[in-house]
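In what follows, a structure is listed as structure tokens, so that the remarks can point back to it.
What follows is calculated from the coordinates using simple rules that are stated; it is not laboratory data. In this text, all values refer to a predicted model and were calculated from it rather than measured experimentally. All Cβ positions, glycine included, derive from the backbone under ideal geometry; neighbour counts span all protein chains shown.
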Amino acid sequence: MIVLENVVKEYPNGVKALDGIDISIDKGEFVFIVGNSGSGKSTLVKLLLREIKQTSGKIVVKSTNLDKIRRSKIPKLRREIGVVFQDFRLLKTLNVYENIAFALRVTETPMRKIRRQVPVVLSLVGLSDKYKALPKELSGGEQQRVAIARALVNNPPLLIADEPTGNLDPQNSWEIMKLLEDINKRGTTVVVVTHNREIVNKMQKRVITLKKGKVVCDIERGGYSDES
Ligand code: ADP
């Protein structure tokens, strides 16, 4: 699903945010990417979404070599990757249903399909009865569920969650993680970037640790690495 070979990202100011990393993530995996602030996590996410380009090395996402991808094909690639952020990024003036439908409308999905798909993902995240609520009427955990539903509505094979529990209390954080685990069990590859030591320790999944732009630890199953 994701292959990075000797990837280097040097910003124009000379900072090497990623310094030769090798990562391979198979279809169906659940992977945590951890590391202190400044270790290169956000840079990695931006590279996977092709928001920025690597300085050198190879990146393949879903069998597409990002170095060779045509500009016109980037929107299609992004539709195949669901993304969830720490700050939810919901549209304030739209209700839950409309926020999710919006993600389909921009990809010119027929109305009939929107009406069918939105209730499916709302039910998946356990928010069927809140479809008319505005984001401000929801708790942080509920808002993150809406964001997850929106990320999944195009049925992407890959979901990337960038600090999804950063704004949530421990109970809601745990519930969001269980939801991501369920989604993974249904076949979606899930990559979670996080600082949340407690959750990583509890989940016992694959953990890739970045430090100063390098992979310093990559364990099959375990907790937060002390090397970060
Ligand atoms: P993390 O997400 O783990 O906090 P980042 O990928 O944001 O790490 O940052 C890695 C390094 O790259 C840091 O030293 C940061 O200051 C630097 N960096 C990030 N973005 C930029 C940018 N646009 N221009 C220059 N340096 C950057």
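Before moving on, here are some points about what is shown:
- Count of the stretch 50-59 residues which are away from the ligand (no atom under 13 Å from the Cβ) and in contact with a helix residue (DSSP H, G or I) (Cβ under 9 Å, 6 or more places away or on another chain): 2
- Restricting attention to the stretch 169-217, the residues being over 16 Å from the mean Cα position of the chain (by Cα), within 16 Å of the ligand (Cβ to nearest atom) and outside any helix (DSSP H, G or I) number 9.
- Hey, Thr93 surrounded by fewer than 17 Cβ atoms within 10 Å (Cβ to Cβ) and touching a residue at least 40 places away in the same chain (Cβ under 8 Å) or not: yes
- Test: residue in the stretch 128-141 that is free of Cβ contacts under 8 Å to residues at least 24 places away in the same chain, of a type in the set (Gly, Ala, Ser) and either touching a helix residue (DSSP H, G or I) at 6+ places or on another chain (Cβ under 6 Å) or surrounded by fewer than 19 Cβ atoms within 10 Å (Cβ to Cβ) (or both): yes
- Which numbered condition Glu198 misses (of (1) within 23 Å of Arg89 (Cβ to Cβ); (2) acidic (Asp, Glu); (3) out of contact with any Gly (no Cβ under 8 Å at 6 or more places or on another chain)): (1)
- Pairs linking a residue in the stretch 42-64 that is under 19 Å from Asp26 (Cα atoms) to a residue that is of a type outside the set (A, V, I, L, M, F, W, C) and within 13 Å of the ligand (Cβ to nearest atom), with Cβ atoms under 6 Å and 6 or more positions apart or on different chains, are Val45/Asp162; Leu47/Gln54.
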